[in-house]
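All remarks here apply to the structure that follows.
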There are 2 protein chains.
Amino acid sequence: MGWKENRYLRLLVVMVVATMQACVTQSKSTMEKHYRWQINYQFWSPDCVERMVIAINGQFPGPTVRARVGETIVVEVENLMPTEGVVIHWHGIHQIGTPWADGTAYITQCAINPGETYVYKFLAEKPGTYFYHGHHGMQRTAGLYGSLIVESGEDEAEPFEYDGELSIIISDWWHKSVYEQMTGLSSIPFRWVGEPQSLLIQGRGRYNCSRRDCKNPQCAPHVLSVEAGKTYRLRIASVASLSSLNFLIQGHLMTIVEADGNYVEPIQVQKLDIYSGETYSVLLTADQDPSRNYWAALNVRGRPPKTPTGLAILNYLPNPSTSVPPSVPLPSPSWNDFAYSKDFSRNIVARRGQHSYQDNSVPLKTDRSIFLLNTQNLVEGYIKWAINNVSQALPSTPYLASLKYRLNDVSRPAPENYQGIKEYDITKPPPNPNATIGTVMYNFVLNSTVDLILQNANTLIPGNSEIHPWHMHGHSFWILGYGDGLFDADKDPLSYNLRNPPLRNTVTLFPFGWTAIRLKADNPGVWAFHCHLEAHLQMGMGIVFSEGIEHVGSLPRSAMGCGSTRKWLP
Amino acid sequence: MGWKENRYLRLLVVMVVATMQACVTQSKSTMEKHYRWQINYQFWSPDCVERMVIAINGQFPGPTVRARVGETIVVEVENLMPTEGVVIHWHGIHQIGTPWADGTAYITQCAINPGETYVYKFLAEKPGTYFYHGHHGMQRTAGLYGSLIVESGEDEAEPFEYDGELSIIISDWWHKSVYEQMTGLSSIPFRWVGEPQSLLIQGRGRYNCSRRDCKNPQCAPHVLSVEAGKTYRLRIASVASLSSLNFLIQGHLMTIVEADGNYVEPIQVQKLDIYSGETYSVLLTADQDPSRNYWAALNVRGRPPKTPTGLAILNYLPNPSTSVPPSVPLPSPSWNDFAYSKDFSRNIVARRGQHSYQDNSVPLKTDRSIFLLNTQNLVEGYIKWAINNVSQALPSTPYLASLKYRLNDVSRPAPENYQGIKEYDITKPPPNPNATIGTVMYNFVLNSTVDLILQNANTLIPGNSEIHPWHMHGHSFWILGYGDGLFDADKDPLSYNLRNPPLRNTVTLFPFGWTAIRLKADNPGVWAFHCHLEAHLQMGMGIVFSEGIEHVGSLPRSAMGCGSTRKWLP
């Protein structure tokens, strides 16, 4: 083809591209939700004691992101912290086609350096209750989080009705800085920060106000205002760093209708167990005596609680929001009533006719099963968590860039199963506590079905095993079952729930037990699956898996620049 | 020239390069001083109160770097901090030919990300007393520093004699973290951390030990052991964050012989004024009663002192080092005796026959004079420091890469002089306190002579003006003079000392006064010149200048990857 023809071809390409761009620009205003954020430290008094938080645009918690299904969410994140990198993870969003927007440092992108801006752009593909948070070091614990709500499409009815909507994000809070906490985790001897000082509802708690003057409006209890007789959809997201929580509203029943962005069979509860990384929508009818207000109460479960109840106010309008409820709320179930906890989790099942995942029912067979033994170990004397004896360390080059551009060998396969599991006594501390540390990865065949069996075990302390809420990026998965003791690969799969398994992005692994999940590896990218307790993740309790890297588009330059991605520099 | 000749030419080049590389490899073992550092937070008790420090290989202060003139120092710095970048500045080293090794974040390199290693490689070109420290955020204040000593060549006699060598690095210390300090600096209202809790000698101080049990060996007083009758070269470096200091040794005189890596006319003092960024060598003869030990004492000058004396022990061997000196040291001069301070500074002059800089005497004429008015200002309500009304902000792309690869317009010229200086009343707060903030730069003609006249002024508080010790990267400069009040461009240059001006890399700007210096712009690169008080620098009190960028070699890739240097990524 000669120069002349070539020129015409180029002209054609230019015209087509220009037309496409024009279309994008035209539809931009209606189809995009645009946010500009500046992230920096700020003094704040979440529980009436002043400390520092990582604030967004001067707010804690950060501003709520809200979009309708089908809209594109665009968040320009500018890092104003003086020396720290930052990323934002959009918890529960699958990031289909945009794995570089998942916001996990050293997995999907380089951290955003001080002074830089990274533009997160992704589709709101599924209605539901989500949240966002920092995913670098322990910046989530430092307060970098907020709510993310995706509304159903205009012509798409939800399978339940309500008159109004309320939303809270709940968490735990320490007075020690995350720098001290992280330094303690990586010290010999290990130093544990201990239980949280306060529980926060929408960023507000109260520490020792009986002894102190707590007039700071930043720690005034959060108010949920309702009108008598009306029904509300209350969205609840737990971004807790450590605590398994139980939420209740004095005198009111709650009907669970959504979990992690998936509809569930309606179930009425007085008290809601919620683990870090989980979200729920509950329907709440204001059907009690309207002449007074009621406490919403948050308590610790699963660990010996040393933290006072977190409180918010359910305010029946037109009562003043400051009117203190006249009685104390009921207690939550005992912290160590694990039978209650397990029952609660097992009772969450897919909504009839709605247990689909992208219009596909749970695959009845799996292509691959991976067994993941969760242990507490020592690595060169440091206390770590390990999966199949490997404690996760993050590489200095993000996995996604490494794989896409074949920069490093980060595809070193992770151990598929724990060797000698049949002889492993999960009721005792590990006989040889030493584990290895490294950047390993599982590779899943695109569109294959994969089962993951999480197996809990005794920690380094005799008689102790801990709760681990495992959260998956880029996917929802079906919860096939929970069991006690060591998983039996012959018998236990027979008890899997294949009838109405709930789709979730977070699942609980109970002490001394196992949890089995199934996922469809249908989202090209690199994805984290990890314990959502931030200290546990910091201590290596996670894995990384990839699928269909060859289908991943070009990464934005701003996702790279660290580690070996510098190879193209002059 | 045809393909064949071209091939021969290339072959020749390859052979020459290979031969050169072989030579370098051969001489490597004898000519390089190699260090490998891992940087991380660690719990430490510098003054018997436990806090976090940024430690190097688990040590605070960091390990001493020591080399002989002509040797190459190689330091591999691995950043193990979880979320923070880091750089190391080699204070007093000129970095001739290696401007990317100067270690100033966003001026000469991108910060080293968590998990990454940067290799600093530079020539020990001039004997003297130096130090190193973090140059990103306030990491220096967080404890990231240590000594750097360059010994004279084997065949190069020092112009003074001594029997042994001692070395200390001195500083101030707060119990509030640098995160809180930095957040306070950028808050409205401004929050000031206040005076330091302790003064540290070689990283050791004692806070309130009369009320507390201070048995931690980390805070045991530093011991300088001597033998009676012998003479020692005591090297002293001040890495103080805020404090101007005065150092003395009970009963002993000190003879100053070196300042900032330059020989000075010997002068005997009882008490040594030393500002942040300065170093001195003093000769100390152990000529007192050898049956006891003596206090070395450190006090604050220049600000109303609220910090107790810092103490170390001069230990006459074989007395036990723990033997407490029987009397208290003399006090330092009164904090506000500025006449004493100015006399002290003026008395430091170049050593006779040694007032050369790279074998060149002070140029008697300048090619360019720049007047730098130092003011405290407001920028959008935030308190800042400004130079000629511009408060320094750092770009997200390092200046050096920006200029070398023409990435951004960071060459926006900085204001040469303060407009309307003749009408400016330096004895009063600024009539219009508002300044601008930005990334500006001065460009100096290579090998030209430049005078900089620092002019102090009243801060935002009536009747207040502060001390600013200004430090220059990549150069030493001659101190031409100090004066009180507003600099008179007609008269004051007549009083310049052109006979024996001392060469320094740090100079004091006294309250309500001016200081004039002269430099030779003979070092291709981009260089910082700034107030060495770390909070003041953080608040914008610095300038950047460049010279001979066209002579700068290729930057290491590891110095880039942030900001616009990502333009080459796929």
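Which of the residues that make up segment A:128-150 are among the hydrophobic types (A, V, I, L, M, F, W, C) and either within 14 Å of chain B (Cβ to nearest Cβ) or farther than 12 Å from A:Val69 by Cβ (or both)? Reasoning before the result, please.
As a first pass, look at segment A:128-150 and keep what is among the hydrophobic types (A, V, I, L, M, F, W, C): A:131, A:138, A:142, A:144, A:148-150.
Within segment A:128-150, A:Phe131, A:Met138, A:Ala142, A:Leu144, A:Leu148 qualify.
Name every residue in segment B:87-117 that is away from chain A (no Cβ under 14 Å), touching a helix residue (DSSP H, G or I) at 6+ places or on another chain (Cβ under 8 Å) and in contact (Cβ under 8 Å) with a residue 60 or more places away in the chain, in order of residue number.
If the condition is that a residue be away from chain A (no Cβ under 14 Å), touching a helix residue (DSSP H, G or I) at 6+ places or on another chain (Cβ under 8 Å) and in contact (Cβ under 8 Å) with a residue 60 or more places away in the chain, then B:Gln95, B:Pro99, B:Thr108 are the ones that fit.
Mind listing just one residue for me: the one in segment B:151-175 that is among the aliphatic types (A, V, I, L, M) and surrounded by 14 or more Cβ atoms within 10 Å (Cβ to Cβ) and, of those, nearest to the other protein chains (Cβ to nearest Cβ)? Give the steps one after another, and end with the answer.
Residues of segment B:151-175 that are among the aliphatic types (A, V, I, L, M), as a first pass: B:157, B:166, B:168-170.
Then keep just the ones that are surrounded by 14 or more Cβ atoms within 10 Å (Cβ to Cβ); that gives B:166, B:168-170.
Values: B:Leu166: 32, B:Ile168: 27, B:Ile169: 22, B:Ile170: 24 Å.
Filtering segment B:151-175 for residues that are among the aliphatic types (A, V, I, L, M) and surrounded by 14 or more Cβ atoms within 10 Å (Cβ to Cβ), the one nearest to the other protein chains (Cβ to nearest Cβ) comes out as B:Ile169.
Out of segment B:480-503, which residues are touching a Leu at 6+ places or on another chain (Cβ under 8 Å) and of a type in the set (A, V, I, L, M, F, W, C)?
B:Leu480, B:Leu498
So which residues in segment B:311-322 are assigned to a loop (DSSP other than H, G, I, E, B), at pLDDT 95 or above and out of contact with any Ser or Thr (no Cβ under 6 Å at 6 or more places or on another chain)? Even if it seems obvious, please write down each step before you answer.
So in segment B:311-322, the residues assigned to a loop (DSSP other than H, G, I, E, B) come out as B:317-322.
Right, trim to at pLDDT 95 or above and you get B:317-321.
Hits for segment B:311-322 are B:Pro318, B:Asn319, B:Pro320, B:Ser321.
Scanning segment A:115-137 for residues that are in contact with an Asp or Glu (Cβ under 7 Å, 6 or more places away or on another chain) and in a loop (DSSP other than H, G, I, E, B), which turns out surrounded by the most Cβ atoms within 10 Å (Cβ to Cβ)? Spell out how you get there, then give the answer.
Kept after step one, since they are in contact with an Asp or Glu (Cβ under 7 Å, 6 or more places away or on another chain), are these residues of segment A:115-137: A:117, A:119, A:124, A:127-129.
Still in the list and also in a loop (DSSP other than H, G, I, E, B): A:124, A:127.
Numbers: A:Ala124: 24, A:Pro127: 21.
That would be A:Ala124.
Going by what's in this entry, would A:Pro308 be described as out of contact with any Phe, Trp or Tyr (no Cβ under 7 Å at 6 or more places or on another chain), assigned by TED's automatic domain parsing to the domain that holds A:Ser225, closer than 23 Å to A:Asp273 by Cβ and not in a strand (DSSP E or B)? Before the answer, list the steps.
Details: out of contact with any Phe, Trp or Tyr (no Cβ under 7 Å at 6 or more places or on another chain): yes; assigned by TED's automatic domain parsing to the domain that holds A:Ser225: yes; closer than 23 Å to A:Asp273 by Cβ: yes; not in a strand (DSSP E or B): yes.
Here the answer is yes, as A:Pro308 does meet what is asked.
With (1) without any contact (Cβ under 8 Å) to a residue 24 or more places away in the chain; (2) touching a Leu at 6+ places or on another chain (Cβ under 8 Å) as the list, and A:Pro318 as the residue in question, which single condition is left unmet?
It fails just one condition, (2).
Scan (1) farther than 30 Å from B:Lys520 by Cβ; (2) in a strand (DSSP E or B) for the single condition B:Arg66 breaks and write down its number.
(1)
Report every pair of residues separated by at least 6 positions or lying on different chains whose Cβ atoms are under 6 Å apart, first residue within segment A:555-569 and within 7 Å of chain B (Cβ to nearest Cβ), second part of a helix (DSSP H, G or I).
A:Arg557/B:Arg566; A:Met560/A:Ala401; A:Gly561/B:Arg566; A:Thr565/A:Ala401; A:Arg566/B:Arg557; A:Trp568/B:Trp568; A:Leu569/B:Arg557; A:Leu569/B:Trp568
Suppose we filter A:Tyr424, A:Tyr418 for residues that are over 28 Å from A:Thr108 (Cβ atoms), of a type outside the set (Lys, Arg) and more than 14 Å from every other protein chain (Cβ to nearest Cβ); which single one remains?
On the way: A:Tyr418 fails: over 28 Å from A:Thr108 (Cβ atoms).
So the residue among A:Tyr424, A:Tyr418 that is over 28 Å from A:Thr108 (Cβ atoms), of a type outside the set (Lys, Arg) and more than 14 Å from every other protein chain (Cβ to nearest Cβ) is A:Tyr424.
Please verify whether segment A:118-127 includes one or more residues that are more than 14 Å from chain B (Cβ to nearest Cβ), more than 22 Å from A:Val552 (Cβ to Cβ) and modelled with pLDDT of 95 or more.
Filtering segment A:118-127 for residues more than 14 Å from chain B (Cβ to nearest Cβ) gives A:120-127.
Subset that is more than 22 Å from A:Val552 (Cβ to Cβ): A:127.
Still in the running and modelled with pLDDT of 95 or more: A:127.
Yes - at least one qualifying residue is present in segment A:118-127.
Among residues belonging to segment B:176-217 that are within 14 Å of chain A (Cβ to nearest Cβ) and hydrophobic (A, V, I, L, M, F, W, C), point out the one that is surrounded by the most Cβ atoms within 10 Å (Cβ to Cβ). Walk me through it before giving the result.
Just the residues of segment B:176-217 that are within 14 Å of chain A (Cβ to nearest Cβ), to begin with: B:176-193.
Within this subset, residues satisfying the condition of being hydrophobic (A, V, I, L, M, F, W, C) are B:178, B:182, B:185, B:188, B:190, B:192-193.
Numbers: B:Val178: 27, B:Met182: 24, B:Leu185: 21, B:Ile188: 10, B:Phe190: 15, B:Trp192: 11, B:Val193: 20.
Residue satisfying both the conditions and the ranking: B:Val178.
To keep it simple, each residue is scored yes or no on (1) at pLDDT below 95; (2) in contact with a Ser or Thr (Cβ under 6 Å, 6 or more places away or on another chain); (3) buried (at least 19 other Cβ atoms within 10 Å of the Cβ).
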{"site": "B:Leu298", "(1), (2), (3)": "no, no, yes"}
{"site": "B:Leu330", "(1), (2), (3)": "yes, no, no"}
{"site": "B:Val362", "(1), (2), (3)": "yes, no, yes"}
{"site": "B:Ala386", "(1), (2), (3)": "no, yes, yes"}
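For A:Thr83, indicate whether it is within 14 Å of another protein chain (Cβ to nearest Cβ), closer than 23 Å to A:Ile170 by Cα, buried (at least 21 other Cβ atoms within 10 Å of the Cβ) and touching a His at 6+ places or on another chain (Cβ under 6 Å). Reasoning before the result, please.
Working: within 14 Å of another protein chain (Cβ to nearest Cβ): yes; closer than 23 Å to A:Ile170 by Cα: no; buried (at least 21 other Cβ atoms within 10 Å of the Cβ): yes; touching a His at 6+ places or on another chain (Cβ under 6 Å): yes.
No: the conditions fail for A:Thr83.
Within segment B:135-184, count every residue that is within 26 Å of B:Ala286 (Cα to Cα) and touching a helix residue (DSSP H, G or I) at 6+ places or on another chain (Cβ under 9 Å).
Of the residues in that region, 0 qualify.
Do we find that B:Ser332 is in contact with a strand residue (DSSP E or B) (Cβ under 9 Å, 6 or more places away or on another chain) and in a helix (DSSP H, G or I) in this structure? Give the steps one after another, and end with the answer.
Details: in contact with a strand residue (DSSP E or B) (Cβ under 9 Å, 6 or more places away or on another chain): yes; in a helix (DSSP H, G or I): no.
When the stated conditions are applied, B:Ser332 does not pass them.
How many residues does segment B:380-413 contain that are more than 14 Å from chain A (Cβ to nearest Cβ), touching a strand residue (DSSP E or B) at 6+ places or on another chain (Cβ under 9 Å) and in a loop (DSSP other than H, G, I, E, B)?
Final tally of qualifying residues: 4.
Filter segment A:535-554 down to residues that are more than 13 Å from every other protein chain (Cβ to nearest Cβ) and not acidic (Asp, Glu), then give me how many there are.
Start the filter on segment A:535-554 by keeping residues that are more than 13 Å from every other protein chain (Cβ to nearest Cβ), which leaves A:536, A:541-551.
Add one more test, that the residue is not acidic (Asp, Glu), and what stays is A:536, A:541-546, A:548-549, A:551.
Residues in segment A:535-554 being more than 13 Å from every other protein chain (Cβ to nearest Cβ) and not acidic (Asp, Glu): 10 in total.
The values are calculated or read from the model by the stated rules, or taken from the named source; none is laboratory data. Fair warning: this is a prediction, and the values are worked out from it, not measured in the lab. Backbone-built Cβ (ideal geometry, glycine too); neighbour counts: all protein chains shown.
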